[in-house]
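What follows is a short report on a single structure.
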Amino acid sequence: MWKKISVLLEMIKFQHTVFAMPFALMGAFLAERGIPDFSVFFWVVIAMGGARTSAMTFNRIADRKFDAANPRTTGRALPAGEVTLIQSWGLMIGASLLFFFACFMLNPLALMIAPFALGLTLFYSLTKRFTWLCHVVLGVALAISPLGGWVAVAASLEGYPWVLSLAVLFWVAGFDCIYACLDADFDRDAGLYSMPSFFGRKNGFRIAVLFHLLAFILFTLTGVLTGLNYWYFLGIALTAAALFYQHLIVSPKDLSRIRQSFFSMNGLIALTLFCATCLALATGN
């Protein structure tokens, strides 16, 4: 049983929850202007875990034939036969129900927006079939994370700093565009769309730089509009360094360190901004 669980967790890359979870909590902390009630904190974590598990499992289900044909992904659990299709659907449905239950436990508005939020994350998995804007769609899906955290606490959209969601959108779209360079040739041959496959790797990197510049500006503006102090802007400085390093260690001609760029630096960015927000709120904003 534990081996099967570990295979399922690896299939959905559960550790990548670190990308969205800190921003959901950041939204909750900003709405509370401090630490939310434990019950709210708990159900936000459960909701995020459920939503991401559902979305990632559906992604693996939808892409299973492409994964089987792509040399880079043939070892994934579904094409390798380590997990059955029925088990995958069961995991997705169970995670979806957990997400809706967590939203129900939060407040009526959270439950009201839950179908839209989950539907958008599921829809992303189909977008590579018809548009190179798939990275932007993924960005929009993850941009709901801080909004969801805010709604969990405030039960309202009033006062929400929308620039935070825009920042998350461009940050995610940027790093996903870089990561898509790994499969640019396969996607082109398979009739799938991505910015690197459509415009070329070099232009894909240029677009990613533009997206990350916009993200940096919008993250900075978030601190200004929410009245956060120097701790937050110290986090912004570290974020800028991580973004720069992410583009420094990979290039269109050398993708050997792209996983370090994708996971380590982006996980660091999410955690840094959340911790910086907590410190700013704890020291008088």
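Modelled with pLDDT of 95 or more, within 27 Å of Met92 (Cα to Cα), under 20 Å from the mean Cα position of the chain (by Cα) and of a type in the set (S, T, N, Q) - does that describe any residue in segment 216-225? Within segment 216-225 (the criterion being modelled with pLDDT of 95 or more, within 27 Å of Met92 (Cα to Cα), under 20 Å from the mean Cα position of the chain (by Cα) and of a type in the set (S, T, N, Q)), the answer is no, since none of the residues qualifies.
When the residues of segment 81-99 are narrowed to those that are touching a residue at least 40 places away in the same chain (Cβ under 8 Å) and not in a helix (DSSP H, G or I), which ends up farthest from Ala20 (Cα to Cα)? That would be Glu82.
Considering the conditions (1) assigned to a loop (DSSP other than H, G, I, E, B); (2) crowded, with 22+ Cβ neighbours inside 10 Å; (3) among the small types (Gly, Ala, Ser), Ala152 is excluded by exactly one of them, (1).
I'd like the residue in segment 174-221 that is acidic (Asp, Glu) and surrounded by fewer than 19 Cβ atoms within 10 Å (Cβ to Cβ) and, out of all such residues, is nearest to Arg129 (Cα to Cα). Here the answer is Asp189.
Among the residues of this structure, Trp171 does not count as one that is aromatic (Phe, Trp, Tyr), farther than 25 Å from Leu273 by Cβ and in contact (Cβ under 8 Å) with a residue 40 or more places away in the chain. Of the helices (runs of 4 or more DSSP H) that lie entirely inside segment 1-80, those containing 2 or more residues that are modelled with pLDDT of 90 or more span 21-32, 38-62, 64-69.
State all residues of segment 270-285 that are more than 14 Å from Ala24 (Cα to Cα) and part of a helix (DSSP H, G or I); if no residue qualifies, say none.
First, pick out the residues of segment 270-285 that are more than 14 Å from Ala24 (Cα to Cα): 276, 279-285.
Correct list: Ala276, Leu279, Ala280, Leu281, Ala282.
Would you confirm whether or not segment 262-278 contains a residue that is on the phi > 0 side of the Ramachandran plot and surrounded by fewer than 21 Cβ atoms within 10 Å (Cβ to Cβ)? No, segment 262-278 contains no residue that is on the phi > 0 side of the Ramachandran plot and surrounded by fewer than 21 Cβ atoms within 10 Å (Cβ to Cβ). Screening Ala155, Ala180 for residues that are hydrophobic (A, V, I, L, M, F, W, C), at positive phi and either out of contact with any Phe, Trp or Tyr (no Cβ under 8 Å at 6 or more places or on another chain) or at pLDDT below 95 (or both) leaves exactly one candidate, Ala155. Hey, among the residues in segment 103-138 that are aromatic (Phe, Trp, Tyr) and touching a Leu at 6+ places or on another chain (Cβ under 7 Å), which one's nearest to Trp171 (Cα to Cα)? So, considering only residues that are aromatic (Phe, Trp, Tyr) and touching a Leu at 6+ places or on another chain (Cβ under 7 Å), the one nearest to Trp171 (Cα to Cα) is Tyr124.
Restricting attention to segment 118-140, and to residues there that are at pLDDT 95 or above and of a type in the set (Gly, Ala, Ser), which single residue is surrounded by the fewest Cβ atoms within 10 Å (Cβ to Cβ)? Checked segment 118-140; the qualifying residue surrounded by the fewest Cβ atoms within 10 Å (Cβ to Cβ) is Gly119.
The values are calculated or read from the model by the stated rules, or taken from the named source; none is laboratory data. Owing to the predicted nature of the structure, the values given are computational and were not obtained by experimental measurement. Cβ: placed from backbone, ideal geometry, glycine included. Neighbour counts: every protein chain shown.
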